[in-house]
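Read the structure below first, then the notes.
Coordinate-derived values only; no laboratory data. The model shown is predicted, which means the values in this text are computed figures rather than measured ones. With ideal geometry, Cβ positions are generated from the backbone for all residues, glycine too; neighbour counts draw on all protein chains shown.
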Amino acid sequence: MFTYVYGIPLHGICRAPADRNNGSTTDRRNPDGTFAPGNPGRPAGARHRTTRAVEELLEGEAEGLTRKAVELALEGDTTALRLCLERIAPAKKDAPVQFDLPPMTNAQEASEAASAVLRAVSEGELTPVEAASVMALVEGYRKTLELTELERRIAALEGSQ
């Protein structure tokens with residue numbers, strides 16, 4: 001079985017799937033294919049051989065490939081057009097939200113803030129996804145408030161001894 005990239009065979013650069021777990025003891029894997037203790041696998045930042053081969057093939061071609069994609073897009077190639085537009089105006093991943101949220105200075109007020117988030121969802125001010133993000137912030141802040149309160153109490157107890 002051979003792997004081809006852009007019509008170019010990559011013989012010897014990557015192995016066929018059947019060769020991946022050949023049971024040899026030199027690859028230091030358990031019989032189920034997982035890494036044996038003390039064998040972390042590929043070092044951090046190491047690149048797969050196929051990835052390196054493709055990078056070598058494309059080295060120095062970024063400008064020409066980009067120009068060709070733009071030319072194809074201008075000629076009406078919808079795939080090239082979509083590719084170019086996704087780079088020019090990528091889809092929004094996050095947007096600011098505004099709604100009334102009570103101040104939080106203790107865990108009880110954080111509970112009231114969580115109630116306000118749920119109310120905003122039920123009234124259509126926030127989407128459930130936006131609310132989940134806000135709730136994660138409220139929860140993180142609540143934990144910080146509780147930790148601060150616990151530290152204050154411990155300091156008071158230690159000071160009274």
> How many nm separate the modelled label positions at Glu125 and Gln98, each set 7 Å beyond the Cα in the direction of the Cβ?
Replying inline: 1.2 nm
> So how much slack lies between Val70 and Glu112, counting 0.36 nm per residue of separation and subtracting their Cα-Cα distance, in nm?
Replying inline: 9.9 nm
> Let a ≥ b ≥ c be the square roots of the eigenvalues of the Cα gyration tensor of the stretch 41-138; is it rounded (a/c under 1.5), or, if not, prolate (a/b larger than b/c) or oblate?
Replying inline: oblate
> Which value in nm describes the separation of the simple spin-label points at Ser133 and His48, placed 7 Å from the Cα toward the beta carbon?
Replying inline: 3.1 nm
> Using a basic spin-label model with each label point 7 Å from the Cα along Cα→Cβ, how many nm lie between Arg82 and Leu150?
Replying inline: 5.0 nm
> What FRET efficiency, computed as 1/(1 + (r/R0)^6) with R0 = 25 Å and r the Cβ-Cβ distance, is obtained for Glu63 and Ala91, rounded to the nearest 0.05?
Replying inline: 0.45
